[in-house]
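Engineer: Take this structure first; my questions come after.
The values are calculated or read from the model by the stated rules, or taken from the named source; none is laboratory data. Quantities reported herein were computed from a predicted structural model and do not represent experimental measurements. Don't worry about glycine lacking a Cβ; one is built from the backbone with ideal geometry, like all the others, and counts go over all protein chains shown.
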Amino acid sequence: MNEIKWDAPEFVYHEKSKLWFTGSIVLAALLIAAGASQRNILFIAFVVIAEILVLFWGNEPPRTVRFLLSSKELAIGEEKTYALSDIAEFSVDAREDEAQVRCFLRLKKTIRPMVVLLVPAAEIDNVRIVFSHAGIHEKEWEPSLADSFESFMRF
């Protein structure tokens, strides 16, 4: 197998309703009130900045990125390339009803320990083969608390 190429969005996009944004603003207002009751200006500033970013990025659709997986490296668009020797292990969060599955790469470097890819369900077995031939072992996917929260909040 020479190379596997596919196009996928940068991240899983969830359409957000007006209720989602209203809930976000209400939650931020409650946190600001809690910070004000404690006279914690730094916390209030953090909440305001975080809420502005959530409102700005919350409905931003992902760009489509070209992925290229070869026997030596993984290229993500024009921006990033990972040598397969830098990948410690991978996990797959495959759901039966989805056209694309999430593939989590744990890197050997500690600065950015996890990379998440969206892989077409039809290609995931080929991706597994390439990783296996490179000596990268598959670990069963166990969602973290942050993953569960992100899924629940649809962010």
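Engineer: Here is a list of conditions, (1) of a type in the set (S, T, Y); (2) over 20 Å from V116 (Cβ atoms); (3) touching a strand residue (DSSP E or B) at 6+ places or on another chain (Cβ under 8 Å), and S24 meets all of them except one; can you say which number that is?
Structural biologist: So S24 meets the others, but not (3).
Engineer: Give the residue, chosen from G35, G23, that is assigned to a helix (DSSP H, G or I) and touching a Phe, Trp or Tyr at 6+ places or on another chain (Cβ under 7 Å).
Structural biologist: G35
Engineer: Now for a separate question. Within the stretch 45-66, work out how many residues are outside any strand (DSSP E or B), charged (D, E, K, R) and in contact (Cβ under 8 Å) with a residue 24 or more places away in the chain. Give the steps one after another, and end with the answer.
Structural biologist: Initial filter on the stretch 45-66 (outside any strand (DSSP E or B)): 45-63.
Of the ones still in play, those that are also charged (D, E, K, R) are 51, 60, 63.
Going one step further and asking which of them are in contact (Cβ under 8 Å) with a residue 24 or more places away in the chain, we end up with 51, 63.
Qualifying residue count for the region: 2.
Engineer: Continuing with this model, one more query. What number of residues within the stretch 35-76 satisfy the criterion of being surrounded by fewer than 11 Cβ atoms within 10 Å (Cβ to Cβ) and over 30 Å from L107 (Cβ atoms)?
Structural biologist: 5
Engineer: Something else now. How about the stretch 1-20: which of its residues are part of a helix (DSSP H, G or I) and under 23 Å from the mean Cα position of the chain (by Cα)?
Structural biologist: Selection gives W20 alone.
Engineer: Go over the candidates A45, A28, A75, A50 one by one and state the one that is within 23 Å of E138 (Cα to Cα) and of a type in the set (A, V, I, L, M).
Structural biologist: Sole residue among the options that is within 23 Å of E138 (Cα to Cα) and of a type in the set (A, V, I, L, M): A75.
Engineer: If I filter the stretch 80-93 for residues that are at positive phi, within 16 Å of the chain's Cα centre (by Cα) and either of a type in the set (S, T, Y) or surrounded by 13 or more Cβ atoms within 10 Å (Cβ to Cβ) (or both), do I get at least one hit?
Structural biologist: No, the stretch 80-93 contains no residue that is at positive phi, within 16 Å of the chain's Cα centre (by Cα) and either of a type in the set (S, T, Y) or surrounded by 13 or more Cβ atoms within 10 Å (Cβ to Cβ) (or both).
Engineer: What number of residues within the stretch 122-155 are at pLDDT below 85 and surrounded by 12 or more Cβ atoms within 10 Å (Cβ to Cβ)?
Structural biologist: Adding up the residues that qualify gives 8.
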